[in-house]
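Okay, structure first, notes after.
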Amino acid sequence: MKRIPVKTPRRVASKIILLVVALELFSIVLWGALTYNGSRDELLKSRSEQLREIALSTTNEIGRFFLPVFIESEVISELLAGGATGSAVQPVILLNAFLNRRPEVEEVSLIDSEGKEVKRVSRMSGLGKDEVRVFNDDAVVQRALSGKRTIGSVMFTEYLEPAIRVATPMRSENGRIGAVLAIVNLKWLWDTVQSISVGKSGYVYVVDEALQLVAYPDPSLVLSGRDLSTSTVPAALFSQAESSMLSIYTSISGDVVAGVSHFDPVHRWWLVVEQPVDEALAPLDRLISRFILAFILATVLTVAAVVYFSRVMMRPLEELERAIDQLKQGGREVRVDVPENTELSSLSTSFNEMATNLDETSYKLHYQAYHDELTGLPNRVRLFETLESVLDKCNQSTRKPFALLLLDLDRFKEINDSLGHKCGDILLKELSKRLQGVLNEDELLARLGGDEFAIVLKNADSVDKARKVAERARQVIQEHFEMEGLRLLIDASVGIAMYPEHGTDSSTLMRHADIAMYHAKKAGVGVALYDDSYDIHSQKRLSLISGLPRAIKENELILHYQPKIRVSDRTVSSLEALIRWQHPEHGLLPPDQFIPIIELGDSIIELTNWVINRACLDCRKWQDQGISVDVAVNVSTLNIQDEQFIKRLDRILGEHHIHPGQLQLEITESVIMSDTKRAQKTIRALDSMGVGISIDDFGTGYSSLAYLKRIPVDELKIDKSFVMDMEQDDNDAVIVRSTIDLAHNLGLEVTAEGVETAGALDLLDVLGCNYAQGYYICRPVPADKIAPWIDTWSEENNDHVNIHTRANSERSS
Ligand SMILES: Nc1nc2c(ncn2[C@@H]2O[C@@H]3COP(=O)(O)O[C@H]4[C@@H](O)[C@H](n5cnc6c(=O)[nH]c(N)nc65)O[C@@H]4COP(=O)(O)O[C@H]3[C@H]2O)c(=O)[nH]1
């Protein structure tokens, strides 16, 4: 039983996978479209908020460093302004005190209203210490002199440390009197800016109102005088609020998020905290990465789940589909194996039941197609298939000989007709068993129908082997068979055709085996090997049919006569006309070689006319010579069925002045049985004309004797096959005796043909046979040899005539 191999249900699974992945993708894209931009803005906003917080706190811290410097420089300038207006405080003391209190202040100078340095206190080495500096062109100082505290841009001390100059106006009540200029070291600021880190790569820097960098993590940018002019940071933003948030703008180092805090409301410095946008958005990117990872994971899980469930759930369907495919392709014993209690178990149960029914039906059909119903033997179809396959092998390779036998039962029809079909069937079954017993396993016995069997002997590579099997088959058929208290005698005729000698294809081999079988039957030889001369369809034979009109015209047809004698007194009673054909190509042809062919068509009518005409002509001649003998002529089925036959016969008899009683027509049983009604009509007409009717070859055809009662027959001619062997074969002797008795009981006369010995003639005499014919008496001879033969025969048998005459007179007295 075939079970369907389980495979992954790819089609359904892949469809589900595609659908799920598509749905997931769609959801993701939709989700991304709806939330990404919002989330991004939110994130940036919150980040810049945080940066602003950082900016504010950093500003406060740095402010604690600067504010005292600014405040103290204010105080000093006020104190100095007071001194200038008569205060007792010395400027040098004030300046030194300022310097001492604020270590970040490197130098402080007192400048008069003309821009000239009045006093200077410094921590630095004192280069140009005594130099009186004038700040006429110094914008920072000039601006302070104009009343505004001013901070200069970044400069460097002689120790190359960053510093700025802070100029504070010095005013009295009367007006402007000068300024205090302090140099404030920015190293601490720079260190602070460099030390602050925001996230991974965020940073802090300070910029003044002119967008000039004051402190930057990368000092070189400050040193190179870099400003924010290339930045997209709107300068106006710095003035808008104490602090501010910026989403994205392009800073010196690229796209950043930033927070800004006003550093000093007076001097308008700004502290900026920046972080690259990428870093600011990193959480979102991380989220997205995680999401994508989750999506991939979900997809993999989904695919795995779908494949798994498809396998589990779709497997039965797949199995069913595959099973149906196999059934469609003619597969047998196909079943599906679905676990019980699943949705498909009842469907699969139904399928399996259907497949079982189909198997059974197809087995039955197959069996019926290849077997004979009655005997169970292989039939004709199977025989041909086997033959074809054996021939295929043989033709392709070895060409090893093998034999085909056709076997036909003799007298089966009679048994069937007289005992009924049931008995016939039993007989056929029994004979089939017997025949099967004769054969080996690899030899095929087939019933072709009726009483015909075929045997393929694959291993019979010689005629001898084939003959042995054929003879053995006949023997088992001949073995006694009892039915309804009767002991039936059955025989068979077997025809043998050998591969490749008699054919290399099945139909030729069959035809030739059939011809051989037909020959065996006709010749009464039991077993016959095919021979070309048996083939009535051979080219030679077919050419004979077309040659008949010429033969008649050219006088190629000859009649020989074989005398028939009265057994009791050995006197010649009649002469049987037996035709021969002196063929220009094939020589003298006996009737067996052309009559069966001529009988196939209507040429037999012409031939019989010629024979009757010729026989009557010869008969007339003998009568004219004083030889009074009857003539006998063989007629065929078609003659008896010919409506013109009687008329034509009548005309011929008239033409030659032959009395109808001098003519005997010999017909076989098969002629009578072919169309009984028509045959009866013709024979009755012949009888009323006075023509004698003789049943030829009696005993070889139908054993139904019913027709003898209905048809006006004058004589039975016992077939020569019984007569020739009756001296040796008791069975034949019994048949001859029985036939004589039967004929006499029916009021008929009997002729025994095939008398080949004196003993046979004497035995026939004892049995009371009326007439005899055979080689012992005379072979068939040409018409001109008849008269001399009669003379010789009469002379030789004179004694017998006299003895017979004497015996007769004694019996009558
Ligand atoms: N072994 C043996 N044979 C003997 C003996 N005595 C006679 N025969 C042969 O047996 C055949 C007897 O003729 P048949 O049974 O009518 O059988 C005839 C007959 O059926 C048919 N036939 C002959 N002439 C005609 C004809 O003119 N018309 C038709 N329709 N058939 C014919 O041809 C058959 C064969 O004729 P033939 O070859 O002449 O063969 C003849 C004859 O030569 C004998 O003692 N021993």
Through the Karplus equation 6.51 cos²θ - 1.76 cosθ + 1.60, θ set to phi - 60°, convert the phi angles of region 17-22 into ³J(HN,Hα) values in whole Hz; use x for Gly and Pro. 4, 4, 5, 5, 4, 5
Just order 574-582, 303-311, 524-532 by mean Cβ neighbour count inside 10 Å, highest at the front, would you? 574-582, 524-532, 303-311
Could you work out the pair-distance distribution P(r) of the chain from its alpha-carbon pairs, with 10 angstrom bin width and percents rounded to whole numbers? 2, 9, 12, 11, 8, 5, 4, 4, 4, 3, 4, 4, 4, 5, 5, 5, 4, 4, 3, 1, 0, 0, 0
Quote the relative contact order of the chain in percent (integer), defining contacts as alpha-carbon pairs under 8 Å separated by 6+ residues. 7
Protection proxy ranking, peptides 135-143, 275-283, average beta carbon neighbours within 10 Å, highest first: 275-283, 135-143
List the lysines whose Cα sits under 16 Å from the Cα of residue 465, skipping any in the same chain fewer than 8 residues away. 400
Which whole-number percent is the relative contact order of region 371-534 (Cα, under 8 Å, 6+ apart)? 28
How many angstrom lie between the Cα centre of region 727-743 and the Cα centre of region 360-383? 44
In straight Cα distance, which aspartates and glutamates are under 17 Å from residue 116, not counting same-chain residues fewer than 8 positions off? 107, 130, 131, 137, 138
To the nearest Å, what is the center-to-center distance of region 557-614 and region 399-434, using C-alpha atoms only? 35
Which whole-Hz couplings ³J(HN,Hα) result when phi for each residue of region 583-590 is put into the Karplus expression 6.51 cos²θ - 1.76 cosθ + 1.60, θ = phi - 60°, listed in order with x for Gly and Pro? 7, x, 9, 9, x, 6, 9, x
About the Cα centre of region 539-787, what is the dipole size in debye to 20, counting +1 per Lys and Arg Cβ and -1 per Asp and Glu Cβ, all else neutral? 820
Could you tell me the relative contact order of region 539-787? Use alpha-carbon pairs under 8 Å, at least six residues apart, and round to a whole percent. 19
Find the centroid of the Cα atoms in region 463-499 and in region 214-230, then give the distance between the two in whole Å. 129
Taking the chain and counting helices only, DSSP H stretches of n ≥ 4 at -39,500 (n - 2.57) each over all residues, the nearest-500 ellipticity at 222 nm comes to -16000 deg cm²/dmol
So for each of 716-724, 685-693 I average, over its residues, the number of other beta carbons within 10 Å; can you give me the resulting order with the highest mean first? 716-724, 685-693
Lysines with Cα under 30 Å of residue 647, excluding same-chain neighbours fewer than 8 positions away: 553, 564, 621, 677, 681, 709, 717
Charge dipole of the chain about the Cα centre (unit charges at C-beta), most positive-ward option of 263, 164, 622: 164
Amide H of residue 402 versus every other amide H placed in the peptide plane: which residues, excluding those fewer than 5 positions away on the same chain, fall under 5 Å? 499
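Every number here is computed from the coordinates shown, using simple stated rules; none is lab data. These figures come from a predicted structure and were not determined experimentally. Don't worry about glycine lacking a Cβ; one is built from the backbone with ideal geometry, like all the others, and counts go over all protein chains shown.
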